[in-house]
1. How far apart, in nm, are two points set 7 Å out from the Cα along the Cα-to-Cβ line at Thr3 and at Trp45?
2. What helices does the chain hold that run 18 Å or longer along their axis, going by alpha-carbon atoms, with a Kyte-Doolittle average of -1.0 or more, using DSSP H for the helix calls?
3. Which of Ala35, Gly60, Ala75 sits closest to the plus end of the dipole of the stretch 26-77, meaning its Cα is farthest towards the positive end, when Lys and Arg get +1 and Asp and Glu get -1 on the C-beta?
4. Where the centroid of each part is defined by its Cα atoms, how far is the stretch 10-40 from the stretch 61-78 in Å?
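Taken together, the values in this text are just the output of simple stated rules run on the coordinates, not laboratory data. Note that this is a predicted model, so its numbers are computed, not measured. Here Cβ is always computed from backbone atoms with ideal geometry, including for glycine, and neighbour counts include all displayed protein chains.
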Amino acid sequence: MATQNNVHLPDDLFVELQTKAQAEGKSVDQLAEEALRRGLEDRAWQELLAYGRERGRAAGYAEEDAPHIVREYRARRR
């Protein structure tokens with residue numbers, strides 16, 4: 001079930017949304033929902049990556065260590 005809400009957009013963004021929706025044969029609501037879902041998913045991934053980086057640093061690892069750690073882990077699992 002969907003909830004009716006109002007979202008305020010700048011005029012230029014709404015026009016772009018309408019144009020893209022029409023070009024893709026979708027409603028403005030459908031395209032806006034897709035964009036919001038993707039945006040929220042991207043934020044969740046960015047938060048997870050930041051958490052992983054912080055945990056790695058706290059454990060004494062640098063980002064450059066990641067490929068070596070992954071190779072070691074995969075080798076042990078074989």
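1. Rounded to a tenth, the inter-label distance reads 2.7 nm.
2. Details: long enough: 11-24 (20 Å, -0.53); 28-58 (45 Å, -0.96).
Span-like helices, by this rule, are 11-24, 28-58.
3. My answer, from the dipole projection, is Ala75.
4. Computed from Cα coordinates, the inter-centre distance equals 41 Å.
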